[in-house]
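*Asks:* Here's a structure for you.
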Amino acid sequence: MSYEPTDFSSDSIARAEAYLEQVKPAAEESRWKPKYHLSAPANWLSDPNGFCLYQGEHHLFYQHHPYAPKWGDMFWGHVKSRDLVHWRHLPIALAPDEDYDKDGCFSGSAIEKDGKLYLLYTGNVWTGSDWTRDLLQVQCAAVSEDGTTFAKLPQNPLIKAAPAGDIHPCHLRDPKVWRQGETYYMVLGSRSRSDRGQALLYRSANLLDWEFVSVLAQGDERLGFMWECPDLFALEDKHVLIVSPEGMKPEGDLYHNKSQSGYMVGHFDEVRGVFEPGDFHLLDYGFNFYAPQTTLDDQGRRVMIGWMSSWDEEKPEGAHQWAGTMTIPRLLMLKGEKLCSTPLPELENLRRKHVGHTDIALENEVVLTGVYGSSVELEIAVRAGADSVFGLKFGCSRDGAEETVLTFNGPEGNLVLDRTRSGEVARGIRKAPVKLQDGRLILRVFIDRSCVEIFVNFGEQVMSARFYPGEASDGIVFFGDGSAVLEKLDKWEIDSCWL
Ligand code: FRU
């Protein structure tokens, strides 16, 4: 088999890059464009793709529509970083310009082989007007020798059709590949003919010829009708399967977003091609977290980045010629059967001006000297009783009209994120089940203009949200019922992540 690639895509990429140059200034002026959360230079960004380490640098690609701040024919945008903290934009990597991917280079992953960087992605073609049914999804690859310019392989598509069996013939996407010994494996997002979410397992000796192995795991009726963006990896002595199910129904306080992302801890038997999963748990209890992807970094750590948006929410930043951000990189660790995610420690390198306070009684509202800002990190330790109610508000306007509120509600045993008065558009509340640990709540809150990520008790829960405050709404206020003490608060201004 000849592996000579052909480079068809340079025209479409050059045109898209030229367009981005024109609209970039408008996007850069946006008061909502984050400083240290990744976003496209302009226009649409969604799923992280191709997160990988290649020749000592971390590469991240993303679903990108360079021509509009809304979803459309997907390209792959591209950024890279040595340390996962400071990033640089690179030219667009893939454009939808072949017959087999003409309506979108959908999500996928990347892997190094023989010194070259391979992207595996889904070529999407609409075959009619009903986009839930009239589509052809095939799996394709592109290769690069320099990590910047990619050429689609002449053998494309590598996987032309869904395998036989209880597998939907059209919905087959988002290849995540990895190598185990001499064998390459791929998991693919799929749905059964009776509309259950499932992940398929494939195997290859050369990354090009793929053999279907098995339905790796299938959800019950609770777990939606389609699993997007599966990711399977070993962590400590277990395996973790991450999936993004479409169509889960709300259950109590959980699953109120249109689509959610979660994980199952289990055991992967690569000989039988079976994953025996434990229960499904959310990766993030906020409003905006979807389609995450993980990689091993240069220190062998499992790092995850997610798309910090969602399909159903309005994106008012579109008026500023951009849409969509990523989460910060999160380190994944197991505590028993629980997957914890914590901010990548090296993000501390972005910390600048510091303000600290200790031992403040949280009675009514408390404003602390120097504690405000729109691109900041807060480290918070509160000593409280199990029945205490306390919290903080951020994105507060001077007149009190705008605020985003985070409340620990001891009697209810949860942490509540409330966007009722957040500013433009974004609304609603989300609740995460949270308990005090040794009589304390430990929070790390990353606020970045229109993004907030809240890490609870060393990553046991995370809540992410987009919110759209007014120009001057950068106030931060603590509050409480008098039974809790803010033992320690550290606040840093956070620098830009862009080189
Ligand atoms: C997830 C997803 C993927 C698909 C991509 C298209 O957000 O629907 O399944 O590949 O987005 O942009």
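We did not get these values from a lab; they are worked out from the coordinates using the rules stated. Note that the structure is a prediction, hence the values are computed from the model and not measured. Cβ sites come from the backbone with ideal geometry, for glycine too, and all protein chains shown count toward neighbours.
*Asks:* Pairing the Cα long axis of helix 10-28 with the longest principal axis of the chain, what angle in degrees results, from 0 to 90 and rounded to the nearest 10?
*Replies:* 10
*Asks:* Which cross-chain or sequence-distant (5 or more) residues have an amide H under 5 Å from the amide H of residue 38, H modelled 1.01 Å from N in plane?
*Replies:* Under 5 Å from the amide H of residue 38: 326.
*Asks:* Follow-up. For a quick check of your reading of the filter: which GluC sites (Glu not before Pro) in segment 265-361 sit in a DSSP loop and have no more than 14 other Cβ atoms within 10 Å?
*Replies:* In loop regions of segment 265-361 (DSSP not H, G, I, E or B), the sparsely surrounded GluC sites (Glu not before Pro) are 314, 337.
*Asks:* Which three numbers, in whole Å and largest first, are the semi-axes of the equivalent ellipsoid of segment 232-301 derived from its Cα gyration tensor as √(5λ)?
*Replies:* One finds semi-axes of 24, 16, 10 Å for segment 232-301.
*Asks:* Run the simple label-point estimate for residue 364 and residue 70 please: 7 Å along Cα→C-beta, distance reported in nm.
*Replies:* 4.8
*Asks:* Between residue 146 and residue 458, what's the calculated FRET efficiency when r is the beta-carbon distance and R0 is 41 Å? Round to 0.05.
*Replies:* With a Förster radius of 41 Å, E is 0.55.
*Asks:* Counting other Cβ atoms within 10 Å of each Cβ, which GluC sites (Glu not before Pro) in segment 13-53 have at most 14 and sit in a DSSP loop?
*Replies:* 29
*Asks:* On to the next question. log10 I(q)/I(0), Debye, Cα-only the chain, no solvent, q = 0.09, 0.11, 0.14 Å⁻¹?
*Replies:* Evaluating at q = 0.09, 0.11, 0.14 Å⁻¹ gives log10 I(q)/I(0) of -0.60, -0.90, -1.42.
*Asks:* Going highest first, how would you order 428-438, 478-488 by mean Cβ packing within 10 Å?
*Replies:* The densest-packed peptide leads the list: 478-488, 428-438.
*Asks:* Please give the length that would be gained between residue 113 and residue 299 if that part of the chain were fully extended, namely 0.36 nm times their separation in residues minus their C-alpha to C-alpha distance (nm, one decimal).
*Replies:* 65.0 nm
*Asks:* For the charge dipole of the chain, defined by +1 on Lys and Arg C-beta atoms and -1 on Asp and Glu C-beta atoms about the Cα centroid, which residue among 138, 439, 263 has the Cα displaced farthest towards the positive pole?
*Replies:* 439
*Asks:* Find the eigenvalues of the gyration tensor of the Cα atoms of segment 270-327, then list the square roots of 5 times those eigenvalues as equivalent ellipsoid semi-axes, largest first, in whole angstrom.
*Replies:* Here the semi-axes work out to 30, 17, 10 Å.
*Asks:* Something else about it: Calculated from DSSP H runs of 4 or more alone, at -39500 (n - 2.57) each and per residue, what is the 222 nm mean residue ellipticity of the chain, nearest 500?
*Replies:* Per the formula, -1500 deg cm²/dmol.
*Asks:* Can you give the convex hull volume per residue for the Cα atoms of segment 368-499, as a whole number of Å³?
*Replies:* For segment 368-499, the hull spanned by Cα atoms encloses 111 Å³ per residue.
*Asks:* Output wanted: per-residue J couplings in Hz (rounded whole) for segment 281-298, from phi through Karplus 6.51 cos²θ - 1.76 cosθ + 1.60, θ = phi - 60°, x for Gly and Pro.
*Replies:* 10, 5, 7, 7, 9, x, 8, 9, 7, 7, 6, x, 9, 10, 8, 8, 8, 5
*Asks:* Give me the base-10 log of I(q)/I(0) for segment 312-394 at each q in 0.11, 0.20, 0.23 Å⁻¹, Debye formula, one uniform scatterer per Cα, rounded to two decimals.
*Replies:* The calculated log intensity ratios at q = 0.11, 0.20, 0.23 Å⁻¹ are -0.55, -1.19, -1.18.
*Asks:* Here's something else I'd like to know. Once Lys and Arg get +1 and Asp and Glu get -1 on their Cβ, which of 30, 64, 91 lies farthest toward the positive end of the dipole of segment 20-140?
*Replies:* So the residue we want is 30.
*Asks:* Another one. Taking amide hydrogens as modeled 1.01 Å from N in the peptide plane, which residues meet the under 5 Å criterion relative to residue 472, leaving out close sequence neighbours?
*Replies:* Under 5 Å from the amide H of residue 472 lies no amide H from a residue far enough along the sequence or on another chain.
*Asks:* Let me ask something else. Residues with amide H under 5 Å of residue 47's amide H, sequence separation 5 or more or different chain, H placed in the peptide plane at 1.01 Å from N; which?
*Replies:* 63
*Asks:* In whole Hz, what ³J(HN,Hα) sequence does segment 194-205 give by Karplus (6.51, -1.76, 1.60; θ = phi - 60°), x for Gly and Pro?
*Replies:* After applying 6.51 cos²θ - 1.76 cosθ + 1.60, I find 9, 6, 10, x, 7, 10, 9, 10, 10, 9, 8, 8 Hz.
*Asks:* Next up: Label points 7 Å out from Cα along the Cβ direction at residue 381 and residue 471: separation in nm?
*Replies:* Placing both labels 7 Å beyond Cα along the Cβ direction yields 4.1 nm.
*Asks:* Read phi for every residue in segment 86-98 and hand back ³J(HN,Hα) as whole Hz from Karplus 6.51 cos²θ - 1.76 cosθ + 1.60, θ = phi - 60°, with x for Gly and Pro.
*Replies:* Using θ = phi - 60°, the values come out as 9, 10, 9, 6, 10, x, 3, 9, 9, 10, x, 10, 10 Hz.
*Asks:* Calculate, in nm to one decimal, what residue 399 and residue 14 gain on full extension: separation in residues at 0.36 nm each, minus their alpha carbon distance.
*Replies:* Separation in residues times 0.36 nm, less the Cα-Cα distance, equals 133.9 nm.
*Asks:* Here's another thing I want to ask about it. With a Förster radius of 25 Å, plug the Cβ-Cβ distance of residue 348 and residue 88 into 1/(1 + (r/R0)^6) and report the FRET value to the nearest 0.05.
*Replies:* 0.80
*Asks:* A further question on this structure: As an exercise, identify the chymotrypsin sites (Phe, Trp or Tyr not before Pro) in segment 27-128 lying in DSSP coil whose Cβ has no more than 16 other Cβ atoms within 10 Å.
*Replies:* 71
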